[in-house]
Amino acid sequence: MSNPPQRITVNLNATPVQAEAGQSVGAVLMGQGIKAWRTTRNEGKPRGLFCGIGACYDCLITIDGEPNQRACMVQASDSMNIEGDFSA
Amino acid sequence: MSKESTSPFDVAVIGAGPAGLAAAVAAAERGARVVVLDAATQPGGQFWRHRPESVEPDPEGHGHHGWKTYLDLRSRFDAAISTGVLHYLPNTQVWMIEREDAGRFVLRLTPATGTTIEVPTVRADKLVSCAGGYDRQLPLPGWELPGVMAAGGIQAFIKANGTLPGKRFVVAGTGPFLLPVAANIAAAGGKVVAVCESSSLTNWLPHMGAASGVPGKALEGAEYAAIFAKHRIRYRTRTVVTKVVGDSSATAVQIAKVDASGAIIPGSERLLEDVDIVGFGWGFTPQIELAVSLGAETRIDADGSLVCVADEKQSSTVPGLFLAGEVTGVGGAVLAVAEGYVAGASAANGEQPKTSTARQIQRHRRFASAMHQAHPVPEKWDELLTDDTLICRCEEVSHAQVTEARDVLGATDARTMKSFTRTGMGWCQGKVCGYAVSCLSAKGTTDENAQHASLTSVAKRPVATPLTLGEISTLDSREPHNL
Ligand SMILES: Cc1cc2nc3c(=O)[nH]c(=O)nc-3n(C[C@H](O)[C@H](O)[C@H](O)COP(=O)(O)OP(=O)(O)OC[C@H]3O[C@@H](n4cnc5c(N)ncnc54)[C@H](O)[C@@H]3O)c2cc1C
Ligand code: FES
Ligand code: FES
């Protein structure tokens, strides 16, 4: 039985965006058409979700000021601040 | 969780997937005091991953197999929690295990997400590791592009979020697991442009004996055939993706026919355009690093994965350490549950499994072994690699660097390769590149044990999960925090 989806607002680099409650940060970003949110240290290449389950660490992102969080593991919550290189 | 009681647990279970749930329930129902540590925020593991219960409290199990088994295990799990015999610590990752003088296991814990952990250490007399696994990957040109994911990662995304990561998908690799992934994408409204299976289905014929011992599997096969027909999904056998194309993200894939060795059949290449997500799955890699760190003996399974040796009571070669599920060999959720029950009962009171259970486990093992033989990693998979294809995604080490270290410097095992090229030294600690690096390094030697040795060195990680330096430095000053 699904409850009607509850809406939350998250801030993507300080821009407020509406999302559905109960989604991972990675899913919120992919839902916005953002497929990459960081660049690699050596070659500056874009990265986003890969393994999807917390094993590969490709999806690292800054959440509420805390760097290196796994976007596939963290559930998005209301007024969360998500910061990344979205042009990646 | 009560902090008053200071006695250690009888049994600690790592993982709340099919194996871990069964182990925890079996041990708790035999009167053991049990603690369950799981990195996920709710029970189910990979197979029964579902929407957060905060938004969907009573999931109906759409797209899930064995959901009734899950509901049964879950209600017994919850019952054991409510009577206080079972303590469940979700969002908790075990990153190191030590042993005290009495042989007791000391599990060091870190939060899977966020930065605070309520209980940094638990102790238990017996340990059951049901840590499952993750998708095994093979490098290919373009696999580092955003939009390329693990096939299981797509599955997990759909199950957890109820949405799709993209619109038009290609699923590729080998094994029957590609089927449920494609089926779930289609059921969620995505377009599956193609499923590329590197093996030929006639590979199944020699193994029908083993498969027919597990009737449920044939049924599932017919079910997928119907779903594929309904959604017009092309199932291309003896076909591989030769490269992923795109500038800043995947936009197309090139596919080609292969022969039995995995060599490309000249002239068979074609481009599949307008693809935004590509999912690769070459089987699974069991997470055995914690068991290996305790000294558990390993072997190479039929799929080429390094797995831990377990006897008929699911006991490892380390006294007090029991194993169930993918860590003893990739074999699916039904087998994981059966092994979990046995492991939990053995850990609780040394119980011997019933003959019927032992037979069921054997039947499923035979099936798994037949499946692995029918879906091998193509021998010539590395012929697709170009000089600049990344082998190690984390440290951005190219194929040219790896082959040079092997052929010029003699790096014929993963450990030496790591010291020359940094493969395996990134955030994932070789989880993603370890298999490929082991294969590529071993190509430089005729030593038959090279692959086993390399995979073992990959599984020997100092810590099972990257920690901040702060966390490591606080280790010694931490109060022993018993529950
Ligand atoms: C991403 C993914 C998706 C899959 N989807 C399907 C599918 O749709 N259909 C199918 O037939 N098979 C699927 N499989 C295969 C399936 O997962 C297995 O057959 C089955 O789940 C194995 O059960 P298990 O209990 O051994 O492990 P899992 O279900 O993997 O459970 C292991 C649990 O242990 C936890 N864990 C691991 N290490 C630690 C640690 N150090 N500390 C704390 N917790 C830890 C994990 O977070 C996980 O919750 C999938 C596999 C993966 C990797
Ligand atoms: S996608 Fe691999 S850790 Fe998040
Ligand atoms: S891919 Fe090589 S260390 Fe992560």
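The values are calculated or read from the model by the stated rules, or taken from the named source; none is laboratory data. What you see is a predicted model, and the numbers here were worked out from it, not measured in a lab. A quick note on method: Cβ atoms are made from the backbone with ideal geometry, for glycine too, and the neighbour counts reach across all protein chains shown. Heavy atoms of the whole protein, side chains included, go into the accessibility calculation; ligands, DNA and RNA do not. Shrake-Rupley method; radii C 1.70, N 1.55, O 1.52, S 1.80 Å.
Examine segment B:421-428 for a residue that is within 16 Å of ligand 1 (Cβ to nearest atom), hydroxyl-bearing (Ser, Thr, Tyr) and within 14 Å of another protein chain (Cβ to nearest Cβ), and state whether such a residue exists. So far as segment B:421-428 goes, no, none of its residues is within 16 Å of ligand 1 (Cβ to nearest atom), hydroxyl-bearing (Ser, Thr, Tyr) and within 14 Å of another protein chain (Cβ to nearest Cβ).
Scanning segment B:401-419 for residues that are closer than 23 Å to residue A:45 by Cα and away from chain A (no Cβ under 14 Å) gives B:402, B:403, B:418.
Scan segment B:163-177 and give yes if some residue there is within 14 Å of chain A (Cβ to nearest Cβ), within 29 Å of residue B:94 (Cβ to Cβ) and more than 20 Å from the chain's Cα centre (by Cα), otherwise no. Yes, because at least one residue in segment B:163-177 is within 14 Å of chain A (Cβ to nearest Cβ), within 29 Å of residue B:94 (Cβ to Cβ) and more than 20 Å from the chain's Cα centre (by Cα). The residues on offer are B:99, B:51, and the sole one that is closer than 20 Å to residue A:25 by Cα, touching a residue at least 60 places away in the same chain (Cβ under 8 Å) and of a type in the set (D, E, K, R) is B:51. Residues of segment B:249-260 being open to solvent by less than 70 Å² (accessible area, probe 1.4 Å) and not in a strand (DSSP E or B), which ones? Across segment B:249-260, the qualifying residues are B:249, B:250, B:259. Filter segment B:249-308 for residues that are touching a Cys at 6+ places or on another chain (Cβ under 7 Å) and closer than 22 Å to residue B:150 by Cβ and give the result. Within segment B:249-308, B:255, B:288 qualify.
Going through (1) at the interface with chain B (Cβ under 8 Å from one of its Cβ atoms); (2) in contact with a Pro (Cβ under 9 Å, 6 or more places away or on another chain); (3) over 24 Å from residue B:246 (Cβ atoms) one by one, residue A:10 falls short only on (1). Taken over segment B:138-164, the criterion of being within 11 Å of ligand 1 (Cβ to nearest atom) and among the aromatic types (Phe, Trp, Tyr) is satisfied by B:157 alone. Looking across segment B:102-117, the residues that are more than 15 Å from ligand 1 (Cβ to nearest atom) and either in contact (Cβ under 8 Å) with a residue 40 or more places away in the chain or away from chain A (no Cβ under 14 Å) (or both) come down to B:102, B:103, B:104. Taking segment B:275-314 and the strands (runs of 3 or more DSSP E) fully enclosed by it, the elements with 2 or more residues that are buried (at least 19 other Cβ atoms within 10 Å of the Cβ) are at B:277-281, B:284-286, B:306-308. Candidates in segment B:19-44 are the residues that are closer than 15 Å to residue B:124 by Cα and open to solvent by 30 Å² or more (accessible area, probe 1.4 Å); of these, the one that is nearest to ligand 3 (Cβ to nearest atom) is B:33.
If the condition is being assigned to a loop (DSSP other than H, G, I, E, B) and surrounded by fewer than 19 Cβ atoms within 10 Å (Cβ to Cβ), then segment B:358-393 contributes B:379, B:380, B:386, B:387, B:388. Give segment B:389-404 a look and list any residue that's more than 7 Å from ligand 3 (Cβ to nearest atom), of a type in the set (D, E, K, R) and under 10 Å from residue B:421 (Cβ atoms), or say none. Hit for segment B:389-404 is B:404, nothing else.
Among the residues here, residue B:280 does not qualify as aromatic (Phe, Trp, Tyr), within 16 Å of ligand 1 (Cβ to nearest atom) and away from chain A (no Cβ under 14 Å).
Of the residues making up segment B:17-55, those that are within 14 Å of chain A (Cβ to nearest Cβ) and within 14 Å of residue B:74 (Cβ to Cβ) number 11. Take residue B:348 and tell me if it is open to solvent by less than 70 Å² (accessible area, probe 1.4 Å), away from ligand 3 (no atom under 16 Å from the Cβ), on the phi < 0 side of the Ramachandran plot and outside any loop (DSSP other than H, G, I, E, B). Judged against the criteria, residue B:348 is a match. Residues that are open to solvent by 40 Å² or more (accessible area, probe 1.4 Å) and assigned to a loop (DSSP other than H, G, I, E, B) within segment B:406-443 comprise B:408, B:409, B:410, B:413, B:422, B:425, B:427, B:443, listed in sequence order. Counted as qualifying within segment A:6-88 are the strands (runs of 3 or more DSSP E) with 1 or more residues that are among the basic types (Lys, Arg), namely A:7-12, A:66-70. Yes or no: segment B:369-386 includes at least one residue that is more than 16 Å from ligand 2 (Cβ to nearest atom) and under 25 Å from residue B:34 (Cα atoms). No, segment B:369-386 contains no residue that is more than 16 Å from ligand 2 (Cβ to nearest atom) and under 25 Å from residue B:34 (Cα atoms). Can you tell me which residues in segment B:66-84 are surrounded by fewer than 18 Cβ atoms within 10 Å (Cβ to Cβ) and either in a loop (DSSP other than H, G, I, E, B) or in contact with a strand residue (DSSP E or B) (Cβ under 8 Å, 6 or more places away or on another chain) (or both)? Listed by number, the residues that qualify are B:81, B:83, B:84.
Residue A:66 passes every criterion in (1) surrounded by fewer than 19 Cβ atoms within 10 Å (Cβ to Cβ); (2) facing chain B (nearest Cβ under 7 Å); (3) within 17 Å of residue B:426 (Cα to Cα) apart from (3).
Candidates A:27, A:19, A:36, A:55: the one that is surrounded by 22 or more Cβ atoms within 10 Å (Cβ to Cβ) and within 16 Å of ligand 3 (Cβ to nearest atom) is A:55. Checked against the criterion of being more than 9 Å from ligand 1 (Cβ to nearest atom) and either farther than 29 Å from residue B:282 by Cα or away from chain A (no Cβ under 14 Å) (or both), segment B:127-137 contains one or more residues that satisfy it.
In segment B:365-382, is there at least one residue being hydroxyl-bearing (Ser, Thr, Tyr) and within 13 Å of ligand 3 (Cβ to nearest atom)? No, because not a single residue in segment B:365-382 is hydroxyl-bearing (Ser, Thr, Tyr) and within 13 Å of ligand 3 (Cβ to nearest atom).
Does segment B:117-128 contain at least one residue that is at pLDDT below 95, among the charged types (D, E, K, R) and open to solvent by 10 Å² or more (accessible area, probe 1.4 Å)? For segment B:117-128, residues at pLDDT below 95, among the charged types (D, E, K, R) and open to solvent by 10 Å² or more (accessible area, probe 1.4 Å): present.
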